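The values are calculated or read from the model by the stated rules, or taken from the named source; none is laboratory data. These numbers come from a predicted model, not from an experiment. Because the Cβ atoms are built from the backbone with ideal geometry, glycine has one as well, and the counts that use them run over all protein chains shown.
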């Protein structure tokens, strides 16, 4: 049984705000210059047929290009629509901010000609021209269980093609590494640290995560939604921001980034052009959400405790040199000594566009009642 160290209790108010705007992110006038700390997003993928309509609504000449079987021109026109969003990101992100873009390449047959359209390289080139610096990227491996995993004409060379089973998470930084100059900023950064064993998994350049299954009643919404899994956004938010930072998703979709920002104690802003998704997003904020997110936070601590026990069983009592000052459990490095995982106390839907969350700032494992504030299993 682990107990809290009484010497390090804190009593602060922690609150986050989450704004959802149903409008086109090509013009994010509601956001001030250099005010966003992190971007986590996945846009519609150019040259994937289910998103043709949403691109064509913004530029009808895309439909003309496709009718003329000019795939290259349609590809470029679609990306010019996305370029306007990336331009806005450069305006609204702070110096040192991180931008994470989940994007997959596309394959398509136009007039009997099959080819790949490299979405990730087109976005990469444009963001570099804007002035973003590209950091090491992540390959998100999305395996398929289909027995016929190849594409093309079966066993006859050279008519079969390798199957795309990965997407990219492009990672950019605006300028140089961000500095945390004040004592308050440094303290907040220390409390937002991740565990050593989490770092070893999260900072790999290949991620094996299953895509999120959609549970949308509206077929139109379901067809246009390509949500990434909760874990993908949650990892990125914890890797590249600290508590209280502002996270933006200009292509919010079904609201995954908003939910993960809630769980991580960050503020968020989400833009979604498709108002058909409004009911889907609203349905997420139900009576089960607080419990689900707190369970996920609890799982992080329990996973760490399991790691501690496993390492001690292999290396003995000297396996750890450091102790977290709030929880009194062992940690691998000095930088983990001040980690606090904040449980949610309440989630209040003010209206369809604003959610406010309050957190318990005590470093506890289980917290649904004030009576259990100091109990750690």
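Could you tell me whether segment 273-280 includes any residue that is crowded, with 17+ Cβ neighbours inside 10 Å and not in a helix (DSSP H, G or I)? Looking for residues that are crowded, with 17+ Cβ neighbours inside 10 Å and not in a helix (DSSP H, G or I), one finds at least one in segment 273-280, hence yes. Report the residue count in segment 127-147 for those that are part of a loop (DSSP other than H, G, I, E, B), surrounded by 13 or more Cβ atoms within 10 Å (Cβ to Cβ) and at pLDDT 95 or above. Residues meeting the conditions: 3. Cβ separations smaller than 8 Å between residues 6+ apart or across chains give the following pairs from segment 300-322 residues that are at negative phi to residues that are surrounded by fewer than 14 Cβ atoms within 10 Å (Cβ to Cβ) and modelled with pLDDT of 95 or more: 322/333; 322/334. Entry remark, segment 25-43: residues being under 15 Å from residue 132 (Cβ atoms) and part of a loop (DSSP other than H, G, I, E, B) number 1 in total. Can you find even one residue in segment 18-35 that is more than 30 Å from residue 349 (Cβ to Cβ) and at pLDDT 95 or above? There is no residue in segment 18-35 that is more than 30 Å from residue 349 (Cβ to Cβ) and at pLDDT 95 or above.
Summed over segment 177-208, the residues that are surrounded by fewer than 18 Cβ atoms within 10 Å (Cβ to Cβ), part of a loop (DSSP other than H, G, I, E, B) and at pLDDT below 95 give a count of 5. Scanning segment 321-357 for residues that are touching a strand residue (DSSP E or B) at 6+ places or on another chain (Cβ under 9 Å), assigned to a loop (DSSP other than H, G, I, E, B) and buried (at least 18 other Cβ atoms within 10 Å of the Cβ) yields a count of 5. Within segment 295-319, being in contact with a strand residue (DSSP E or B) (Cβ under 7 Å, 6 or more places away or on another chain) and either within 19 Å of residue 257 (Cβ to Cβ) or surrounded by fewer than 17 Cβ atoms within 10 Å (Cβ to Cβ) (or both) holds for one residue alone: 297.
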